[in-house]
Amino acid sequence: MGIDRQAPGLNLFCLPYSGASAMCYSPWRQKMPDWLNVRPLELPGRGMRMDEPLHTDIVKLANHLADEISVELDRPYALFGHSLGGLLAFELAHALRQRGLPAPLALFASATAGPARRDVSEYAIEKNDEQLIARLRELGGTSEGVLANQELLELVLPILRADFLLCGSFVYGQRQPLEVPIHVFGGKRDTVKVEELLDWQEETSTGFSLDMFEGHHFYLIDEQAQLLRQVRRYAEEHLTRWRNRAARHLAQAAG
């Protein structure tokens, strides 16, 4: 399937996992085609937004991000989030729908359980440094060198603590399924089980897929090439359909 480079491309807004900044997605920019614009979303309190307060309320943060990106939704776009980022992407999609803004062509939820039956009670209580470090070891995405670096930990742990509370603030509620295809990714050795990933089917009325990769929670890094290949494939399919619909509408208007 070929993509016309002269036609509008697709913005891929990427939301980081707990404790991370948008920089975790920077390498993707060099690995995706020109028509797929990787657009990492930096969250307040980290990276270039370090001077802003951290958020611990996921709905308020989703609304904040919806306001920020609303001016960029004049071209096709999709949302991608890994772990906490996937849950935040889900809330962001609902915040955008509440504003009557254009819907994403797709929502990519990576390494995160479906919202309906997920238990966030573990994250609702603020964790101390020892508990946070133990959780980082369990997830397997942080080297022992980083965990032994007190200066780095002083930067990372406050962000991670706030992000865990952010996850703990999630309330499912009763909302209509999104009219957006949801593509879910998971790691075969992750603690997030297939049954939890399949729960995402309940959140969409227009299409669902599940792809599993080798590795643990951070297959995002270890299996990056395979993951990006799938993201690109789905994005290309959705963008092609969007362009075909746009062309039909133009033809009907002209006819």
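The values are calculated or read from the model by the stated rules, or taken from the named source; none is laboratory data. Being a predicted model, the structure only gives us computed values, none of them experimental. Here the Cβ positions follow ideal geometry from the backbone for every residue, glycine too, while neighbour counts run over all protein chains shown. Accessible surface areas use protein heavy atoms only, side chains included; no ligands, DNA or RNA. Shrake-Rupley method; radii C 1.70, N 1.55, O 1.52, S 1.80 Å.
Values for this structure:
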| read-out | value |
| --- | --- |
| Search result, residues across segment 198-255 that are open to solvent by 20 Å² or more (accessible area, probe 1.4 Å), part of a strand (DSSP E or B) and touching a Gly at 6+ places or on another chain (Cβ under 9 Å) | L210, D211, M212 |
| Criterion (under 18 Å from P40 (Cβ atoms), assigned to a helix (DSSP H, G or I) and either without any contact (Cβ under 8 Å) to a residue 40 or more places away in the chain or open to solvent by less than 10 Å² (accessible area, probe 1.4 Å) (or both)) met by exactly one of L88, L79 | L88 |
| Test result for P115, open to solvent by 20 Å² or more (accessible area, probe 1.4 Å) and not β-branched (V, I, T) | no |
| Members of segment 171-197 that are open to solvent by 10 Å² or more (accessible area, probe 1.4 Å) and either assigned to a helix (DSSP H, G or I) or among the polar types (S, T, N, Q) (or both) | Q174, Q176, T191, V194, E195, E196 |
| Residue that is least open to solvent (accessible area, probe 1.4 Å) [pool: residues in segment 123-143 that are at pLDDT 90 or above and under 21 Å from the mean Cα position of the chain (by Cα)] | Y123 |
| Tabulated pairs, segment 109-130, first touching a residue at least 12 places away in the same chain (Cβ under 8 Å), second β-branched (V, I, T), C-beta under 6 angstrom, 6+ apart or interchain | A109/V184; A111/V192; A113/V192 |
